[in-house]
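*Asks:* I have a structure here, written as structure tokens, and I will follow up with some questions on it.
The values are calculated or read from the model by the stated rules, or taken from the named source; none is laboratory data. All of these numbers come straight from a predicted model, not from anything done at the bench. Neighbour counts are summed over all protein chains in view; Cβ atoms, including those assigned to glycine, are modelled from backbone coordinates with ideal geometry.
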Amino acid sequence: MIVNNKAMDEQSAIRQTPVTARKKIPWAKILRPVISIGLLYLLFRITDLNQLLDVIKSVNFVFLVITIVIILAALFISTYKWQRLLTVQNVKVPLPRLFTSYLIGQFFNNFLPTNIGGDVVRIHDVATCTGKIPETVASVVSERLLAALALVLTAAAGLLLSYHSFSRFGWLVIAVFVVVLAVVLLFAIEKWRSALGRKIQLPWKFGLRRWLSGFGKSMGTCLQNKRNVAWVIVLSIAFNLTVVIVTYFIFLSLGLNVPFVSCLLFVPIISAIQMLPISISGFGVREGAYVYFFGSVGLSSAQAVASSLIFWILVAIVSLAGGVIFALRR
């Protein structure tokens, strides 16, 4: 018995002995800046920098002021659809508070090396004042999923209006639609959601299973209310149209003749590509997508890159208000 206790003590001591673990390399943090810098380097290699500067210098600031107003309207639309997804879960937050949270989220999205940093910040901001974390997380995830579905529907409208582009871009729109719809249905249909929950084996530690169960129910509440889902999709399409209009006005401000229908088709696709977590704030990916898609309707690399950079600058200017609000709250 003494021997056994001694052996058990030795084994316990071995388990408690700190083992120097091999440090994990944060590949995502390394690859994102590398991809952004690499893509921008390649783009500037094929772009006439003098022409790029000439294009930017030709900008009409009246159009830019109008686009800033439209960007603010787009953020208000997004805030309202977010409020609908919270309200359906009996989480009541005043619209002005949500709008400031959305602005703060936009600030972090634009100035942090991540694609979801802003979502995390606004989740924390709202969950802090409501105390309802699963419901807040579900509202943001649902908003993202339904917004992605609306992106595809907006791009599909562009395809219908420019049917000659279907053979080139139709497969991409259809593929993204199928994937996004599958994910939405996975969370909306209770049987599918339960099956997914059984597949994911989480430990009881830290209450992960309980939290995941609450999150799943909240997602179901958000996505099973058909009338509310329809409203959020309509609002998301309205948001996408404002982004399309902003892009179109940027082209007008630079004196570029780009058909509105092309913007209706390409901007949602570019927005979807930009959401891929492979770069810093979409840099490089966004500019490359502008060159590829709008190059097909006659824009030079310099014109496409200039348009993309101006779009980011305008959104960044608006989101600076979120940074000021965040600083004042500290």
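*Asks:* When the range 139-161 is examined, which residues are found to be over 21 Å from Trp231 (Cβ atoms) and touching a residue at least 24 places away in the same chain (Cβ under 8 Å)?
*Replies:* Correct list: Gly158, Leu159, Leu161.
*Asks:* Condition check: out of contact with any His (no Cβ under 6 Å at 6 or more places or on another chain), among the hydrophobic types (A, V, I, L, M, F, W, C) and outside any helix (DSSP H, G or I). Does Leu252 satisfy that?
*Replies:* no
*Asks:* Oh, and also: Do we find that Ser300 is more than 22 Å from Trp82 (Cβ to Cβ) and not hydrophobic (A, V, I, L, M, F, W, C) in this structure?
*Replies:* yes
*Asks:* Right, something else. Looking only at residues that are more than 12 Å from Phe187 (Cα to Cα) and crowded, with 16+ Cβ neighbours inside 10 Å in the range 205-228, which one is modelled with the highest pLDDT?
*Replies:* Asn228
*Asks:* Any residue at all in the range 128-138 that is touching a residue at least 12 places away in the same chain (Cβ under 8 Å), among the aliphatic types (A, V, I, L, M) and crowded, with 20+ Cβ neighbours inside 10 Å?
*Replies:* Yes, the range 128-138 contains a residue that is touching a residue at least 12 places away in the same chain (Cβ under 8 Å), among the aliphatic types (A, V, I, L, M) and crowded, with 20+ Cβ neighbours inside 10 Å.
*Asks:* Only one of (1) crowded, with 16+ Cβ neighbours inside 10 Å; (2) at pLDDT below 90 is not met by Arg329, so which one is it?
*Replies:* Just one mismatch for Arg329, condition (1).
*Asks:* Can you find a residue in the range 287-307 that is among the small types (Gly, Ala, Ser) and over 25 Å from His164 (Cβ atoms)? Even if it seems obvious, please write down each step before you answer.
*Replies:* Initial filter on the range 287-307 (among the small types (Gly, Ala, Ser)): 288-289, 295-296, 298, 300-302, 304, 306-307.
Next, from what is left, pick out any that are over 25 Å from His164 (Cβ atoms): 302, 306.
So far as the range 287-307 goes, yes, one or more of its residues are among the small types (Gly, Ala, Ser) and over 25 Å from His164 (Cβ atoms).
*Asks:* Also, quick follow-up: Pairs under 8 Å by beta carbon, first residue over 14 Å from Ala138 (Cα atoms) and part of a helix (DSSP H, G or I) in the range 181-197, partner modelled with pLDDT under 70 and of a type in the set (Ser, Thr, Tyr), six or more apart or different chains?
*Replies:* Listed by first residue and then by second, the contacts come to Gly197/Ser213.
*Asks:* For the range 85-128, which residues satisfy the criterion of being of a type outside the set (Gly, Ala, Ser) and touching a Lys or Arg at 6+ places or on another chain (Cβ under 7 Å)? Quick ask: steps written out before the conclusion?
*Replies:* Start the filter on the range 85-128 by keeping residues that are of a type outside the set (Gly, Ala, Ser), which leaves 85-100, 102-104, 106-116, 119-126, 128.
Once the filter is applied, which keeps residues that are of a type outside the set (Gly, Ala, Ser) and touching a Lys or Arg at 6+ places or on another chain (Cβ under 7 Å), the range 85-128 yields Val91, Tyr102, Ile104, Pro113.
*Asks:* Within the range 116-175, restricting attention to residues that are assigned to a helix (DSSP H, G or I), more than 17 Å from Ile77 (Cβ to Cβ) and hydroxyl-bearing (Ser, Thr, Tyr), which residue is modelled with the lowest pLDDT?
*Replies:* Tyr163
*Asks:* Can I ask one more? What number goes with the only condition from (1) closer than 22 Å to Leu309 by Cα; (2) exposed (fewer than 15 other Cβ atoms within 10 Å of the Cβ) that Thr87 does not pass?
*Replies:* Condition not satisfied by Thr87: (1).
*Asks:* Mind listing whichever residues of the range 244-299 are farther than 22 Å from Arg168 by Cβ and at pLDDT 90 or above? Full working, then the answer.
*Replies:* Residues of the range 244-299 that are farther than 22 Å from Arg168 by Cβ, as a first pass: 245-246, 249-250, 252-255, 277-284.
The answer is Ile245, Val246, Phe249, Ile250, Leu252, Ser253, Leu254, Gly255.
*Asks:* Among the residues of the range 255-299 satisfying the criterion of being assigned to a helix (DSSP H, G or I) and of a type in the set (Ser, Thr, Tyr), which is farthest from Phe61 (Cα to Cα)?
*Replies:* Only one residue tops the list, namely Tyr292.
*Asks:* If you go through the range 101-127, how many residues are more than 28 Å from Val285 (Cα to Cα) and surrounded by 19 or more Cβ atoms within 10 Å (Cβ to Cβ)?
*Replies:* Of the residues in the range 101-127, 2 are more than 28 Å from Val285 (Cα to Cα) and surrounded by 19 or more Cβ atoms within 10 Å (Cβ to Cβ).
*Asks:* Are there any pairs with C-beta distances below 9 angstrom linking a residue in the range 294-318 that is among the aromatic types (Phe, Trp, Tyr) to a residue that is not in a helix (DSSP H, G or I), with the two at least 6 apart or on different chains, and if so which?
*Replies:* What qualifies is Phe294/Leu256; Phe294/Val258; Trp312/Ser281; Trp312/Gly282; Trp312/Phe283.
*Asks:* If you check Ser253, Ser301, Ser262, Ser296, which single one turns out to be touching an Asp or Glu at 6+ places or on another chain (Cβ under 8 Å) and farther than 23 Å from Leu145 by Cβ?
*Replies:* Among Ser253, Ser301, Ser262, Ser296, only Ser301 is touching an Asp or Glu at 6+ places or on another chain (Cβ under 8 Å) and farther than 23 Å from Leu145 by Cβ.
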